[in-house]
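Asks: There's a structure below that I have some questions on.
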Amino acid sequence: MNNKKRIINSTLRYVRKKLAHDSSGHDWWHVYRVWKIAKKIANKEGDKLNVFVIELASLLHDIADYKLHSGNEDIGPTKARKWLEKMNVSVDEINHVCKIIKDISFRGAKVKSKAKTKEGMIVQDADRIDALGALGIARAFAYGGRMGKLIYDPSIKPVMHGSFEEYKNNKSSTINHFYEKLLLLEKLMNTEYAKRIARERTMFMKKFLEEFYSESDGSR
Ligand code: ADP
Ligand code: NI
């Protein structure tokens, strides 16, 4: 086994152990899917990419999510850096992975959140694909419950957030999260593959929302 493969395997074991019991939708299986999807997209996007960086960033992207650490955006990249230094990854590659993790998150409907490098765009797309479709629906409600959010309140309207601060502090329902983020992701995808998958999964979420509203007033 070469050194890079060994580092990937150790990282995988480290993340699996850390996130095995997460109940907020940021569990090991989410990371596993992002890792697999990112590798698939990388395969389709040509051979000039640093796949090692893509794999490490995918595996470490939710090692300490700001949403679960009082909004602290630095904790994820810092933890990832510590781990990668321990693994003797090169400084350039550590910086690249940490930059991807720092830039990956959605920041509000009116806020730019595009990854800066091709590798970053691929990991961002993979993470966003897993926020869509049946899995995306399950993760959204798991997260909402974990954070004490209401499922739905027709009197609270979705808000198109103009800053990351506003988006972070938002207290609305999980149904509103579909309008405030999930249904917007299709247009934000960076790669052709992700655009196609996002289109299919967004259609499914729209059907779910139709059914949800038809059941939601208790009249049938
Ligand atoms: P990001 O890096 O864009 O924050 P994550 O990989 O951390 O993406 O996962 C975000 C997922 O967490 C969302 O797709 C959704 O399932 C859930 N989530 C985040 N914010 C909310 C919210 N306000 N209400 C419901 N679910 C949310
Ligand atoms: Ni994620």
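Asks: Could you count how many residues in the range 87-119 are closer than 22 Å to residue 45 by Cβ and within 12 Å of ligand 1 (Cβ to nearest atom)?
Replies: Residues flagged as closer than 22 Å to residue 45 by Cβ and within 12 Å of ligand 1 (Cβ to nearest atom) within the range 87-119 amount to 9.
Asks: Do we find that residue 190 is under 20 Å from the mean Cα position of the chain (by Cα), open to solvent by less than 40 Å² (accessible area, probe 1.4 Å), over 11 Å from residue 128 (Cα atoms) and not β-branched (Val, Ile, Thr) in this structure? Working first, answer last.
Replies: Working: under 20 Å from the mean Cα position of the chain (by Cα): yes; open to solvent by less than 40 Å² (accessible area, probe 1.4 Å): yes; over 11 Å from residue 128 (Cα atoms): no; not β-branched (Val, Ile, Thr): yes.
It is false that residue 190 is under 20 Å from the mean Cα position of the chain (by Cα), open to solvent by less than 40 Å² (accessible area, probe 1.4 Å), over 11 Å from residue 128 (Cα atoms) and not β-branched (Val, Ile, Thr).
Asks: List pairs: first residue in the range 191-220 and without any contact (Cβ under 8 Å) to a residue 24 or more places away in the chain, second residue surrounded by 14 or more Cβ atoms within 10 Å (Cβ to Cβ) anywhere in the structure, Cβ distance under 8 angstrom, at least six positions apart or on different chains.
Replies: Note: pairs meeting the criteria are 195/186; 195/189; 199/186; 206/183.
Asks: I'd like to verify a number: residues in the range 17-53 that are in a loop (DSSP other than H, G, I, E, B), of a type in the set (Gly, Ala, Ser), more than 16 Å from ligand 2 (Cβ to nearest atom) and touching a residue at least 40 places away in the same chain (Cβ under 8 Å), how many? I'd like the intermediate steps shown before the answer.
Replies: The initial filter retains those residues of the range 17-53 that are in a loop (DSSP other than H, G, I, E, B), namely 20-27, 45-50.
Still in the running and of a type in the set (Gly, Ala, Ser): 20, 23-25, 46.
Filter once more, so that each one left must be more than 16 Å from ligand 2 (Cβ to nearest atom): 46.
If we keep only those that are touching a residue at least 40 places away in the same chain (Cβ under 8 Å) too, we end up with none.
Here the count works out to 0.
Asks: Let me ask another. Would you point out the residue of the range 97-118, among those that are under 17 Å from residue 39 (Cβ atoms) and more than 16 Å from ligand 2 (Cβ to nearest atom), that is least open to solvent (accessible area, probe 1.4 Å)?
Replies: 117
Asks: Could you grab the pairs with beta carbons closer than 7 Å, sequence gap of 6+ or different chains, first residue in the range 139-164 and open to solvent by 70 Å² or more (accessible area, probe 1.4 Å), second one among the charged types (D, E, K, R) and more than 9 Å from ligand 1 (Cβ to nearest atom)?
Replies: Going by the 7 Å Cβ cut-off, the qualifying pairs are 160/110.
Asks: Within the group 91, 51, which residue is β-branched (Val, Ile, Thr), open to solvent by 50 Å² or more (accessible area, probe 1.4 Å) and more than 21 Å from residue 13 (Cα to Cα)?
Replies: Values: 51 fails: more than 21 Å from residue 13 (Cα to Cα).
Selected residue: 91, the only one of 91, 51 that is β-branched (Val, Ile, Thr), open to solvent by 50 Å² or more (accessible area, probe 1.4 Å) and more than 21 Å from residue 13 (Cα to Cα).
Asks: Next up: Can you tell me which residues in the range 101-133 are closer than 22 Å to residue 8 by Cβ, hydrophobic (A, V, I, L, M, F, W, C) and out of contact with any Pro (no Cβ under 9 Å at 6 or more places or on another chain)?
Replies: 104, 115, 121, 122, 123, 126, 129 - these are the residues of the range 101-133 that are closer than 22 Å to residue 8 by Cβ, hydrophobic (A, V, I, L, M, F, W, C) and out of contact with any Pro (no Cβ under 9 Å at 6 or more places or on another chain).
Asks: A further question on this structure: Pull out all pairs, ordered by first then second residue, where Cβ-Cβ is under 7 Å, the residues are six or more apart or on different chains, the first lies in the range 168-185 and is modelled with pLDDT under 95, and the second is of a type outside the set (D, E, K, R) and more than 9 Å from ligand 1 (Cβ to nearest atom).
Replies: From the range 168-185, the pairs are 168/71; 170/159; 170/161; 172/156; 172/158; 172/159.
The values are calculated or read from the model by the stated rules, or taken from the named source; none is laboratory data. The structure presented is a predicted model; accordingly, all values stated were derived computationally and were not measured. With ideal geometry, Cβ positions are generated from the backbone for all residues, glycine too; neighbour counts draw on all protein chains shown. With ligands, DNA and RNA removed, areas are computed over all heavy atoms of the protein, side chains included. Shrake-Rupley method; radii C 1.70, N 1.55, O 1.52, S 1.80 Å.
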